[in-house]
Amino acid sequence: MQIIKLANMRTPRPRGVPAWGACVHTTGSGIPKRAQALKRATMSIAIEIYTDPDMEGFPHYVINGEGAIVQVCEEALRAAHVGRIVNGVDRREQYMSGAWEKMIPASLLDRWRRAWPGKKHPYALFPSKSPNEDFLGIELIPMYPPPSQGTRFTRPQMDSLVDLLRDMAVRNKWPAKWATTSRLVGHEDVGILDRFDRNGTWDPGNLREQPYFDFAGVRRALTS
């Protein structure tokens with residue numbers, strides 16, 4: 001596995017706690033659509049966006065459809081990949097109070113609860129008050145146009161994701177079977193209020209009747 005480290009990586013403040021787990025995201029269709037329109041590589045567009053100092057949100061890593069891995073931010077630093085304050089609203093308060101349960105469809109709430117039995121709300125999936133403190137962020141650039149059904153991510157991309165997650169676990173000394181716990185989540189798991197449509201979640205898209213992302217396969221690969 002090769003990780004390309006950018007010369008102009010983002011330099012936010014150090015994280016307040018050691019990296020506890022990993023959060024998987026999708027960039028959404030904006031980046032591949034723009035790349036097609038400009039006839040440029042998707043990774044070059046992603047790098048341009050995530051290294052822009054005016055861009056508030058950014059991950060630690062980006063993986064494109066060919067499986068190339070680019071590091072945008074050092075793991076010891078707190079990348080802003082999961083928003084807590086959205087349009088002036090504190091999502092943590094909505095999760096902690098239970099208000100979130102009435103803000104999403106009942107079927108989606110049921111899927112989330114089946115995915116995370118025993119957890120009261122998304123902010124119960126990690127130990128600190130912010131997912132950005134605990135999780136390393138990984139953005140996956142999806143296929144575009146998307147397939148009519150099934151995964152929106154390529155096999156080389158998923159293989160690179162598994163390799164990167166294994167490497168993270170070793171370097172950060174995460175415990176055995178870490179990948180079967182909430183140390184491995186999607187953005188939708190910890191930020192579901194901002195990551196769903198009428199058919200389920202989309203970031204990266206595991207909590208859907210027909211998932212966009214194969215989290216079960218990733219977990220199997222990491223524990224085999």
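The values are calculated or read from the model by the stated rules, or taken from the named source; none is laboratory data. Everything numeric in this text was worked out from a predicted model, so none of it was measured. Using ideal geometry, Cβ is built from the backbone for each residue, glycine included, and neighbour counts are taken over all protein chains shown. Protein only, heavy atoms only, side chains kept; ligands, DNA and RNA dropped before computing areas. Shrake-Rupley method; radii C 1.70, N 1.55, O 1.52, S 1.80 Å.
Computed with a 1.4 Å probe over protein heavy atoms only, the accessible surface of the chain comes to 48 Å² per residue.
For region 120-224, a simple Cβ point-charge model (Lys and Arg +1, Asp and Glu -1, everything else neutral) yields a dipole of about 360 debye relative to the Cα centre.
For the chain, the share of alpha carbon pairs falling in successive 5 Å distance bins from zero is 1, 7, 15, 20, 21, 18, 12, 5, 1, 0 percent. For the chain, the 222 nm mean residue ellipticity estimated from helices alone, with every DSSP H stretch of n ≥ 4 adding -39500 (n - 2.57) and the total spread over all residues, rounds to -8500 deg cm²/dmol.
Using heavy atoms of the protein chains and a probe of 1.4 Å, the accessible area assigned to residue 90 is about 50 Å². Comparing 98, 62, 87 along the charge dipole axis of region 1-142, the residue lying farthest to the positive side is 98, per the Cβ-charge model. Dividing the alpha-carbon radius of gyration of region 123-206 by the rule-of-thumb value 2.2 N^0.38 Å gives 1.19. Summarising the label geometry, the points placed 7 Å from Cα in the beta-carbon direction at residue 96 and residue 7 lie 4.5 nm from one another. Taking a straight Cα-Cα cut-off under 24 Å and skipping sequence neighbours fewer than 8 places away in the same chain, the lysines within cross-link reach of residue 119 are 102, 129, 177. Within the assembled protein chains, the solvent-accessible surface assigned to residue 103 is about 80 Å², based on a 1.4 Å probe. Dipole magnitude for the chain: about 420 debye, using +1 per Lys or Arg Cβ and -1 per Asp or Glu Cβ, origin at the Cα centre.
Along the axis of the charge dipole computed for the chain (Cβ charges of +1 for Lys and Arg, -1 for Asp and Glu, origin at the Cα centre), the listed residues 144, 128, 51 are led at the positive end by 128. Remark: relative contact order (region 45-191) = 30 percent; criterion is Cα-Cα distance under 8 angstrom and separation of 6 or more residues.
Within region 1-90, which trypsin sites (Lys or Arg not before Pro) sit in a loop by DSSP and count at most 15 neighbouring Cβ atoms inside 10 Å?
Counting only loop positions with at most 15 other Cβ atoms within 10 Å, the trypsin sites (Lys or Arg not before Pro) in region 1-90 are 39, 40.
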